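> Input: one structure, supplied below.
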Amino acid sequence: MATAALLMVGSISGSVFAHGNVTPQPVDTSALPDVPGGNDNWITKNPYRADPAVYAKAQEIGESGYGQNCARCHGLEAISGGIAPDLRYLDVKEDGDEWFINRCHHGSVRDGKVYMPPEGEILGQKACWAIRSWLDKVHTDS
């Protein structure tokens, strides 16, 4: 009985640490044009939507960036399990850009509790806008 209890505790503690390192991971955005202002002046409108070819590349890079940095909380394919917001429902186009980039850059803190860490300084504006571009692609109304 004691052995069974130890095995159960061991398997539970292993899944608690299953996420491993949750430090934001860099995203290779070298194939994307620079964002005006770099990382010193964050803009509030997705700069990649203006050119369809650039937008498609941004979506490709954003899918990878999302998987590396966002999926552990917001869910695979942006389908949330209920802990963090389901980003498929984020307002599309400019309506959701300002909210998204603010969260990506600054994170979310309420009552002193960190709900989402600020990732903007590590990811940079180009990666955040690439992730936003991919979220436009997987958007759903229902």
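The values are calculated or read from the model by the stated rules, or taken from the named source; none is laboratory data. Fair warning: this is a prediction, and the values are worked out from it, not measured in the lab. So basically every Cβ, Gly included, is an ideal-geometry build from the backbone, and we count neighbours across all protein chains shown. Side chains are part of the model used for accessible areas, which takes the heavy atoms of the whole protein and leaves out ligands, DNA and RNA. Shrake-Rupley method; radii C 1.70, N 1.55, O 1.52, S 1.80 Å.
> Name the residues in segment 82-100 that are among the aliphatic types (A, V, I, L, M), in contact (Cβ under 8 Å) with a residue 12 or more places away in the chain and open to solvent by 30 Å² or more (accessible area, probe 1.4 Å), would you? Let's see the steps before the verdict.
The first filter runs over segment 82-100 and keeps only residues among the aliphatic types (A, V, I, L, M), leaving 83-84, 87, 90, 92.
Now drop any that are not in contact (Cβ under 8 Å) with a residue 12 or more places away in the chain, which leaves 84, 87, 90, 92.
Answer for segment 82-100, where residues must be among the aliphatic types (A, V, I, L, M), in contact (Cβ under 8 Å) with a residue 12 or more places away in the chain and open to solvent by 30 Å² or more (accessible area, probe 1.4 Å): just V92.
> Okay, moving on. Pairs needed: first member in segment 23-34, closer than 16 Å to Y66 by Cβ; second member anywhere, open to solvent by less than 70 Å² (accessible area, probe 1.4 Å) and part of a loop (DSSP other than H, G, I, E, B); C-beta distance under 8 Å; at least 6 residues apart or different chains.
P24/P117; P24/E119; L32/Y48
> Okay, moving on. Restricting to segment 104-122, name every residue that is part of a helix (DSSP H, G or I), open to solvent by 10 Å² or more (accessible area, probe 1.4 Å) and closer than 19 Å to S30 by Cα.
Listed by number, the residues that qualify are E121, I122.
> Every residue in segment 123-142 that is under 19 Å from W42 (Cα atoms) and either open to solvent by 90 Å² or more (accessible area, probe 1.4 Å) or charged (D, E, K, R) (or both), please.
K126, R132, listed by residue number.
> Exactly one condition in (1) assigned to a loop (DSSP other than H, G, I, E, B); (2) modelled with pLDDT of 95 or more is not met by Y55; state its number.
(1)
One line per residue, one yes/no per condition, for (1) surrounded by fewer than 14 Cβ atoms within 10 Å (Cβ to Cβ); (2) modelled with pLDDT under 85; (3) outside any loop (DSSP other than H, G, I, E, B):
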site	(1), (2), (3)
D34	yes, no, no
E63	no, no, yes
G67	no, no, yes
S80	no, no, no
N102	no, no, yes
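> Hey, another quick one. Tell me which residues, restricted to segment 1-32, are of a type in the set (S, T, Y) and modelled with pLDDT under 95. Show your work before the answer.
As a first pass, look at segment 1-32 and keep what is of a type in the set (S, T, Y): 3, 11, 13, 15, 23, 29-30.
Correct list: T3, S11, S13, S15, T23.
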